[in-house]
Amino acid sequence: MDRRTFLTLVGAGAAGVALASCSGGGGPPAPERPWTPRTPVRIPDELHPDDGTFPLAVQRGSTEILPGTTTQTWGVNGSYLGPTLRLRTRDRVTMHVTNGVDEVTTMHWHGMLLPARMDGGPHQPIEPGHTWSPSWTVDNRASTLWYHPHPDGETARQVFNGVAGMIIIDDDDTDSLDLPHDYGIDDIPCILQDRTIEDDGEMPFDTVPNFGQMGTDVLVNGTLGAYLELTRTTVRFRLLNGSNARLYNVGFADDREFTLIATGQGLMPKPARLSRFALGPAERAEIVVAFEPGERVRMTTTSGSERIDQGDLSIMEVRVGDDAQPGTPPPAELPGPAPLVPSAGARVRTFKLQGHDSINGEEMDMSRIDEVVPAGALEIWEVENTVYSHNFHIHGCDFTVLDRNGKPPEPWEAGRKDTVHLPDKSVVRVAVQFRDYTDPAAPYMYHCHILRHEDAGMMGQFLVVEPGTEDSVPRVLPAG
Ligand code: C2O
Ligand code: CU
Ligand code: CU
């Protein structure tokens, strides 16, 4: 009896099959394979060139994800995922992104505050064999960001194949705080991606136009069945949801409490004690967790209360050494910025997310400017989700979540962000702080970060312009 027949007979008894059938996630049938922690979690190399010049080669490769098999993957400077870019606030940086795959790509710096022409969205295509070299001065606070391709209509597959990496920004605030900061030792990057790896190593990209692709296993930095060995008992995890569609409810199998210190755009105004929190696609969070010497505990995700079932899965097993050294507990105070408070007359823009492919009745059109924002504006964006589950992201800004369905945001959303989760039939209001990189002809994007929805057209474009010129800039971009 082959595996597929076996699965059909077992039916919904297999957790993975249940997940695939009720999530609308589609994709191949789930391998019948219990989760086993058997591979040390990969820690991506750090890239921190003295001259601020980062070589990034997008390439194809093959990767051993399921032991004993190979998977055809894409990566940056390697076969799957890319290095962690270390930057400092006020650094001048230049990226040299070389396209070594045989189709157009781009490279977007998700969460970075920079001129639209450096942003790496669909308007900055990199042809095969070419190199794109954007350059900017780092303006973000200390934070955990990421990079990934953003080509028109093809983002989901390229990210799925493995083109993504973490960006860590440090600043004077993080220097002066006593937070765990030894990369790979007590400051652990965790890129969470769900994937179905077939028994022969295949990782099929699912093109069925439904909710979005979800997989049966969680990879951490490309590691299936990951475990992490610790030599310290107080550890910071930098969690990045690099998945195409899955929402994680992150915590530990024993429901221990931990401290959330940062959201996507940096440190919280004060720490939050939690035992579980939601992390939607493209969101980041930093937590500090205390362990006991010698203990083993699993990091897990639970299904939560979403209409789209997100499933209960193991993420990684944490194994603490018997002689692990104690660390310092997280600080009681954090220097993160206070919430943004829009003025009474702040401009309000409304966005209605419809189905899985449009906003305010329109699909993405690269030649159409949907919104024009005066430089430096602090606005209220009100985003309504009519159906499914979406994760709304805005480029070139940071924001404070004001409320969701009129209620205060969750405790894990108190920090600055650039991406926010919208459960089925919800309305979220965010106070958005735009920067002053003006350009009357190069737009930034806003979109759902469920990548299938983004590709299907749930995306719009906005310009940031000199105040007073909003009505005079052309709303149509020249072709090409
Ligand atoms: Cu993470 Cu518009 O992207
Ligand atoms: Cu982005
Ligand atoms: Cu969506």
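What to note about this one:
- When residues of the range 108-154 are limited to those that are more than 16 Å from CYS397 (Cβ to Cβ) and of a type in the set (D, E, K, R), the one farthest from ligand 3 (Cβ to nearest atom): GLU127
- Number of the condition not met by PRO34 [criteria: (1) within 27 Å of ASP194 (Cα to Cα); (2) in contact (Cβ under 8 Å) with a residue 24 or more places away in the chain]: (2)
- For the range 396-425, a residue qualifies if it is within 16 Å of ligand 3 (Cβ to nearest atom) and either under 18 Å from ASP152 (Cβ atoms) or surrounded by fewer than 19 Cβ atoms within 10 Å (Cβ to Cβ) (or both), and the qualifying residues are ASP424, LYS425.
- Residues that are more than 16 Å from ligand 2 (Cβ to nearest atom), of a type in the set (D, E, K, R) and either over 15 Å from VAL348 (Cβ atoms) or assigned by TED's automatic domain parsing to the domain that holds ALA278 (or both), drawn from the range 396-418: ARG404, LYS407, GLU410, GLU413
- For the residues GLU379, GLU384, the requirement of being in contact with a Lys or Arg (Cβ under 7 Å, 6 or more places away or on another chain), closer than 25 Å to HIS110 by Cβ, in a strand (DSSP E or B) and within 16 Å of ligand 3 (Cβ to nearest atom) singles out GLU384.
- Checking each residue in the range 449-480 for being acidic (Asp, Glu) and more than 14 Å from ligand 2 (Cβ to nearest atom) picks out ASP455, GLU466, GLU470, ASP471.
- Residue in the range 94-104 that is within 17 Å of TRP132 (Cα to Cα), within 16 Å of ligand 1 (Cβ to nearest atom) and in a helix (DSSP H, G or I) present: no
Yes or no, residue by residue, for (1) farther than 27 Å from PRO34 by Cβ; (2) more than 16 Å from ligand 1 (Cβ to nearest atom); (3) modelled with pLDDT of 95 or more; (4) in the same structural domain as ASN385 (by TED's automatic domain parsing):
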site: SER275; (1), (2), (3), (4): no, yes, yes, no
site: ALA278; (1), (2), (3), (4): no, yes, yes, no
site: VAL297; (1), (2), (3), (4): no, yes, yes, no
site: SER305; (1), (2), (3), (4): no, yes, no, no
site: SER314; (1), (2), (3), (4): no, yes, yes, no
site: LEU334; (1), (2), (3), (4): yes, yes, yes, no
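- Subset of the range 371-400 [away from ligand 1 (no atom under 13 Å from the Cβ) and within 22 Å of ALA142 (Cα to Cα)]: GLY376, LEU378, ASP398, PHE399, THR400
- Going through (1) outside the structural domain of GLY52 (by TED's automatic domain parsing); (2) under 26 Å from VAL93 (Cα atoms) one by one, MET214 falls short only on (2).
- The single condition among (1) touching a residue at least 40 places away in the same chain (Cβ under 8 Å); (2) closer than 29 Å to SER305 by Cα that LYS407 does not satisfy is (1).
- Filter result for the condition that a residue is closer than 25 Å to ASN249 by Cα, in contact with a Ser or Thr (Cβ under 6 Å, 6 or more places away or on another chain), within 16 Å of ligand 2 (Cβ to nearest atom) and not charged (D, E, K, R), over HIS393, HIS421: HIS393
- Test: residue in the range 349-371 that is among the aromatic types (Phe, Trp, Tyr) and closer than 30 Å to ASP173 by Cα: no
- Strands (runs of 3 or more DSSP E) fully within the range 270-317 counting 2 or more residues that are within 22 Å of LYS425 (Cβ to Cβ): 276-279
- Residue that is farthest from ligand 2 (Cβ to nearest atom), among those in the range 359-383 that are surrounded by fewer than 19 Cβ atoms within 10 Å (Cβ to Cβ) and over 20 Å from ASP119 (Cα atoms): GLY361
- Residue within the range 82-102 that is under 27 Å from ASP182 (Cβ atoms) and touching a helix residue (DSSP H, G or I) at 6+ places or on another chain (Cβ under 9 Å) present: yes
- Which listed residue, of THR216, THR234, THR259, THR223, is in contact with a Phe, Trp or Tyr (Cβ under 9 Å, 6 or more places away or on another chain) and either within 16 Å of ligand 3 (Cβ to nearest atom) or touching a residue at least 40 places away in the same chain (Cβ under 8 Å) (or both): THR234
The values are calculated or read from the model by the stated rules, or taken from the named source; none is laboratory data. Not measured: the values here are computed from a predicted model. No Cβ is skipped: glycine too gets one built from the backbone with ideal geometry, and neighbour counts run over all protein chains shown.
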